[in-house]
């Protein structure tokens, strides 16, 4: 029973931050400064998710070496994305590089 | 060039639903193994099958689910677990806020669906299309297709994971977590069209690395804020030095 309540509570805490702004503010004109801030939020969030995943994949400090397949795969994906500007192509090349790196490192 | 010239007929509701599903299909490469891993982890954390699936279905967030399992296994108090879930949801608060200008015509009850399904992958595929003016009709169906595909897949995989039990190998040891990281990196590279975005990315990256000691992924939220402020600051500073007519719409691609 208390587990059910806990799950409902967690569900609400996960749902409300995603829903309330849509419910209460939809269509509202946001101040220009806020709009400018929000324009740069997606790349900032992506960077915040990606940097630790590539640099500290095992959670034991920064691994800035060629023996880190996450770093290799990430760098190749990034280069392919900058050059091709194509999503699936650069993702596929990067994933291939990651697994190749893993295999070479052993 | 932008929104004014519709060259073809607008997509039908059905087409838009399928377009949504297609947009998140690549993410299945990570969602399938991670979903299975979640099912395994739930049972091994001491939750019942009902609680494992229920928690996955209720939070609809891989991060909240995995952290939740770990906290429950540790015997954390329920206020700590609830608070952690809320803090993890702060990133989603940013997503939801960014979508505000685009959901005016979405009916209120559909916003519930939209909000519930708003996870990283769905947000990033949708915001790209919304800003390019490529998603204008039946937006709610695009969102339903995009998040519905991932949701149904994730829950199915959770059940598969529970039935496999401990037979499943470690996702991170096999590197199955990499595809979704690669997709985020590709989105970063494709969105990197000017130096202001580069400044936002760089400052957020440095911040998150410096803030790694912070608990509950708070570093991610902090880094997102720093990156947004730096990017916006660069834009406002350059705009001030130029006549402002052309700047406004330049950055959408």
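Just a few scattered comments:
- Each principal axis of the Cα cloud of the protein assembly as shown was taken in turn, and the coordinate range along them, longest first, works out to 62, 50, 39 Å.
- Rg over Rh, two decimals, chain B (C-alpha only, Kirkwood Rh): 0.99
- Between residue A:104 and residue A:60, the C-beta separation translates, for a Förster distance of 25 Å, into a calculated FRET efficiency of about 0.75.
- Placing pseudo-labels 7 Å out from each Cα toward the beta carbon at residue B:109 and residue A:83 gives an inter-label distance of 5.2 nm.
- Using the Cβ-Cβ distance between residue B:73 and residue B:156 with R0 = 22 Å, the FRET efficiency computed as 1/(1 + (r/R0)^6) comes to roughly 0.40.
- Inter-probe distance in nm under a simple model that places probes 7 Å from Cα toward Cβ, at residue A:2 and residue B:238: 5.6
- Percent of C-alpha pairs per 10 Å bin, segment A:40-105, short to long: 22, 48, 27, 2
- Estimated from the Cβ-Cβ distance and a Förster radius of 51 angstrom, the FRET efficiency linking residue B:174 and residue A:34 is about 0.75.
FYI, it's all coordinate maths here, none of it is from the lab. Computed from a predicted structure; not experimentally measured. Ideal geometry is used to build each Cβ from the backbone, glycine not excepted, and the neighbour counts take in all protein chains shown.
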